[in-house]
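Visitor: Starting off with a structure, shown below.
The values are calculated or read from the model by the stated rules, or taken from the named source; none is laboratory data. These numbers come from a predicted model, not from an experiment. Glycine gets a Cβ as well: all are built from the backbone with ideal geometry, and neighbour counts include every protein chain shown. Accessible surface is based on the protein model in full, side chains and every heavy atom, while ligands, DNA and RNA are left aside. Shrake-Rupley method; radii C 1.70, N 1.55, O 1.52, S 1.80 Å.
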Amino acid sequence: MKELLDTLDAWQGEGIDVGRAVVVRTFGSAPRTEGAVLLYASDGRIAGSVSGGCVEGAAAEEIERARQTGRSRVIRYGISDEQAWDVGLACGGTIDVLVEPRVPSSAVDAAVASLGAGGHGAAVITPLPEDAPPADFGQHTPGEGSPPAPGLVVHDDRRLEGTLGDPVLDRELVDQAIEALRRGLSRTVEIGDRSLFVEVFPVRPRLVVVGAVEVARSLVRLAAELGFETVVVDGRASFATPERFPEVDQLVVGWPDEVADQIGLGPNDAVAVLTHDVKFDEPAIVEALRRRCRYVGAVGSRKTQADRGQRLLDAGVTPGELARLRGPVGLDLGGRAPAETALAILAEVVAERYGGTGAPMRERAVA
């Protein structure tokens, strides 16, 4: 949705009505993930995608129908549909698509709020029509849908706007939404007897690199390519220079524990400590663990990690916090060059973010 904000704003500025379709559930090798959006303007223009081209025409027709009826519907598209050759997914996957007569203002507001410095994340909760397809895989004949239900919003500070009418269900919803925000993945959840689409708008993920070493240069480049905001912290001004880090978003000269407030170090951050210097890296690790950064990794051999672990415990780190430290940092890819080490680190950061195992995909496919 974020990438379509400018288009949406331009169309609405022309006085054009805009409806949308959004993927709310997938099965198999679906071409787009949950949260993928297609916009359809009343003058026939299309932006975005829900399937990479397979069902966009059919989805646009459904948006036009929704505009006429004022009702939202969830439609299941898959290769097993009777009209598979016309509107099915050639990849063999199946998607459930929520079709809405208008773009919800809550989704637009959340998308805007998550952008830029100082933004905050939120999850917009859309109750699906009662005749939406079930969570189980299989063919489903679309129902008539229902008028769009009022949405709810869960902010990344766990604040809930709206209610499901039951404090227990509200707490479950907040837990599910915060977990989806943490992973950056929209999804449909079943709470009570309702199907709820949790559409996440997280802030841009950030990677904080402690130590302006050679590996850090490759790590910043790779992280930027994956959409991370990047920060490099080093106490040595001669190392932390724009010439060495042209792609970095922020260069900070100073001790990492002392500049933590300056950079706003917090739970949204992944931290990679690369200094090989006890007096520099261990205060950084303590601060990152204390602030519950989502990923904390540090270079060093297994013996170094064992010795470091005891010193961290002596410094007040709890056993539970210490268990969160990734050391030696990164996945075992076998490479030793700086760029290869950077790739191994970033691979582990991404795996942590999405709950991946790091195992070969062919092994997962066999399982």
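Visitor: Please tell me if residue 110 is part of a helix (DSSP H, G or I) and crowded, with 18+ Cβ neighbours inside 10 Å.
Guide: yes
Visitor: If the requirement is being more than 18 Å from residue 110 (Cα to Cα), among the hydrophobic types (A, V, I, L, M, F, W, C) and either without any contact (Cβ under 8 Å) to a residue 60 or more places away in the chain or touching a Pro at 6+ places or on another chain (Cβ under 6 Å) (or both), which of these qualifies: 164, 207, 152, 181?
Guide: Residue meeting the stated conditions: 164.
Visitor: Could you list all residues from the stretch 13-38 that are farther than 17 Å from residue 95 by Cα and either touching a strand residue (DSSP E or B) at 6+ places or on another chain (Cβ under 6 Å) or open to solvent by less than 50 Å² (accessible area, probe 1.4 Å) (or both)?
Guide: Selection gives 16, 18, 19.
Visitor: State which residue pairs qualify: first residue within 21 Å of residue 115 (Cα to Cα) and inside the stretch 218-237, second residue among the hydroxyl-bearing types (Ser, Thr, Tyr) and modelled with pLDDT of 95 or more in any location, beta carbons under 8 Å apart, and separation of 6 or more residues or different chains.
Guide: Note: pairs meeting the criteria are 220/230; 223/230; 224/230.
Visitor: Shifting gears a bit: Residue 7 passes all but one of (1) out of contact with any helix residue (DSSP H, G or I) (no Cβ under 9 Å at 6 or more places or on another chain); (2) under 19 Å from residue 111 (Cβ atoms); (3) open to solvent by less than 30 Å² (accessible area, probe 1.4 Å); which number fails?
Guide: Unmet for residue 7, out of (1) out of contact with any helix residue (DSSP H, G or I) (no Cβ under 9 Å at 6 or more places or on another chain); (2) under 19 Å from residue 111 (Cβ atoms); (3) open to solvent by less than 30 Å² (accessible area, probe 1.4 Å): (3).
Visitor: Of the residues that sit in the stretch 121-130 and are of a type outside the set (A, V, I, L, M, F, W, C), surrounded by 15 or more Cβ atoms within 10 Å (Cβ to Cβ) and assigned to a loop (DSSP other than H, G, I, E, B), which one is modelled with the lowest pLDDT?
Guide: 121
Visitor: State the number of residues belonging to the stretch 151-197 that are among the β-branched types (Val, Ile, Thr), open to solvent by less than 30 Å² (accessible area, probe 1.4 Å) and farther than 19 Å from residue 1 by Cβ.
Guide: Residues in the stretch 151-197 being among the β-branched types (Val, Ile, Thr), open to solvent by less than 30 Å² (accessible area, probe 1.4 Å) and farther than 19 Å from residue 1 by Cβ: 2 in total.
Visitor: Tell me whether the stretch 215-234 contains one or more residues that are more than 14 Å from residue 251 (Cβ to Cβ) and touching a His at 6+ places or on another chain (Cβ under 9 Å).
Guide: no
Visitor: Additional query: Report yes if some residue within the stretch 262-269 is part of a strand (DSSP E or B), closer than 23 Å to residue 119 by Cα and among the charged types (D, E, K, R); otherwise report no.
Guide: Within the stretch 262-269, one or more residues are part of a strand (DSSP E or B), closer than 23 Å to residue 119 by Cα and among the charged types (D, E, K, R).
Visitor: Could I ask something else about it? Scan 352, 247, 287, 321 and give me the residue that is loosely packed, with under 15 Cβ neighbours inside 10 Å, touching a residue at least 24 places away in the same chain (Cβ under 8 Å) and of a type outside the set (Ser, Thr, Tyr).
Guide: Step by step, each of 352, 247, 287, 321 is checked, and only 247 is loosely packed, with under 15 Cβ neighbours inside 10 Å, touching a residue at least 24 places away in the same chain (Cβ under 8 Å) and of a type outside the set (Ser, Thr, Tyr).
Visitor: Tally time: how many residues in the stretch 142-168 are under 30 Å from residue 78 (Cβ atoms), assigned to a strand (DSSP E or B) and not hydrophobic (A, V, I, L, M, F, W, C)?
Guide: Of the residues in that region, 1 qualify.
Visitor: With open to solvent by less than 50 Å² (accessible area, probe 1.4 Å), over 28 Å from residue 351 (Cβ atoms) and in contact with a helix residue (DSSP H, G or I) (Cβ under 9 Å, 6 or more places away or on another chain) as the only criterion, which of 254, 211 stands out?
Guide: None of the other options fit; the residue is 254.
Visitor: Moving on to the next point. Output the residue which, of all residues in the stretch 89-99 that are out of contact with any Pro (no Cβ under 6 Å at 6 or more places or on another chain) and open to solvent by less than 10 Å² (accessible area, probe 1.4 Å), is modelled with the lowest pLDDT. Walk me through how you get there before you give the answer.
Guide: Start the filter on the stretch 89-99 by keeping residues that are out of contact with any Pro (no Cβ under 6 Å at 6 or more places or on another chain), which leaves 89-90, 92-95, 97-99.
If we keep only those that are open to solvent by less than 10 Å² (accessible area, probe 1.4 Å) too, we end up with 89, 93-95, 97-99.
Values: 89: 51, 93: 79, 94: 89, 95: 92, 97: 96, 98: 97, 99: 97.
Step by step, filter the stretch 89-99, then rank; the result is 89.
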